[in-house]
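> I have a structure I would like to understand better, so I am pasting it below and will then ask my questions one at a time.
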Amino acid sequence: MSAHVGEVKLRVRYAETDQMGVVYHANHLVWFEVGRVEFFRSLGFSYLEMEHKDNCYIVVVEARCRYKAPARYDDEVLVRTSLKNVRESVVHFSYELVRANDGTLLAEGETTHVVTDAEMKRRSIPEKYMQMFRTAAGKSS
């Protein structure tokens, strides 16, 4: 069983660049979030739905980004998101940022999340999401 990879295309806005015309490094983490939210949509639900209907939040506890090549104003960037691992109350995503027109790897990274309720108390992932996450990660139930 192969892992599911979500993909969303973004265009670099002028406001996202620094004085040298290169995307400011912290924006990569924002793009990771965009990728993660769209990854959920590609599985058939929204993050908002998880929060409001199931009192389930995924809180970032660790983020890593390795920069490979600069992204510049007006570049189209593909954000590729996959689930690296999922456990009862921990979710681990991986990301690739790729320049759309030439396939250059711009950055790669990972985020680790702890699952909580609205009061920030650790909880288990509801079973309906756990099943989707396991399938998306390429793991059997």
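The values are calculated or read from the model by the stated rules, or taken from the named source; none is laboratory data. Everything quoted here is computed from the prediction, not taken from an experiment. With ideal geometry, Cβ positions are generated from the backbone for all residues, glycine too; neighbour counts draw on all protein chains shown. The protein model used for the area step is the full one, side chains on, heavy atoms only, and it has no ligands, DNA or RNA in it. Shrake-Rupley method; radii C 1.70, N 1.55, O 1.52, S 1.80 Å.
> What number of residues in the range 1-27 are of a type in the set (A, V, I, L, M, F, W, C) and within 18 Å of residue 74 (Cβ to Cβ)?
Number of matching residues: 7.
> Since residue 79 meets every condition but one in (1) of a type in the set (A, V, I, L, M, F, W, C); (2) in contact (Cβ under 8 Å) with a residue 40 or more places away in the chain; (3) surrounded by fewer than 17 Cβ atoms within 10 Å (Cβ to Cβ), which condition does it not meet?
(3)
> Please specify each residue of the range 1-16 satisfying the condition of being open to solvent by 90 Å² or more (accessible area, probe 1.4 Å) and part of a strand (DSSP E or B). Steps first, please.
First, the residues of the range 1-16 that are open to solvent by 90 Å² or more (accessible area, probe 1.4 Å): 1-2, 7, 9, 11, 13-15.
Selection gives 7, 9, 11.
> Still on this model: Out of curiosity, is residue 106 aliphatic (A, V, I, L, M), under 21 Å from residue 9 (Cα atoms) and outside any helix (DSSP H, G or I)?
Values: aliphatic (A, V, I, L, M): yes; under 21 Å from residue 9 (Cα atoms): yes; outside any helix (DSSP H, G or I): yes.
In short, yes.
> Continuing with the same structure: Could you run through the range 41-63 and say how many residues are open to solvent by less than 90 Å² (accessible area, probe 1.4 Å) and without any contact (Cβ under 8 Å) to a residue 24 or more places away in the chain?
Here the count works out to 3.
> Continuing with this model, one more query. Only one of these is under 30 Å from residue 19 (Cβ atoms), open to solvent by less than 50 Å² (accessible area, probe 1.4 Å) and not polar (S, T, N, Q): 72, 36, 66. Name it. Spell out the reasoning first.
Working: 72 fails: open to solvent by less than 50 Å² (accessible area, probe 1.4 Å); 66 fails: open to solvent by less than 50 Å² (accessible area, probe 1.4 Å).
Going through 72, 36, 66 in turn, just one is under 30 Å from residue 19 (Cβ atoms), open to solvent by less than 50 Å² (accessible area, probe 1.4 Å) and not polar (S, T, N, Q): 36.
> Quick check, is residue 119 closer than 24 Å to residue 7 by Cβ, at pLDDT 95 or above, open to solvent by 70 Å² or more (accessible area, probe 1.4 Å) and acidic (Asp, Glu)? Lay out the reasoning, then the answer.
On the way: closer than 24 Å to residue 7 by Cβ: no; at pLDDT 95 or above: yes; open to solvent by 70 Å² or more (accessible area, probe 1.4 Å): yes; acidic (Asp, Glu): yes.
No.
> Could you grab me the full set of residues in the range 95-111 that are on the phi < 0 side of the Ramachandran plot and open to solvent by 30 Å² or more (accessible area, probe 1.4 Å)? Lay out the reasoning, then the answer.
Within the range 95-111, the subset on the phi < 0 side of the Ramachandran plot is 95-102, 104-111.
Of everything in the range 95-111, those that are on the phi < 0 side of the Ramachandran plot and open to solvent by 30 Å² or more (accessible area, probe 1.4 Å) turn out to be 96, 99, 100, 101, 102, 104, 105, 108, 110.
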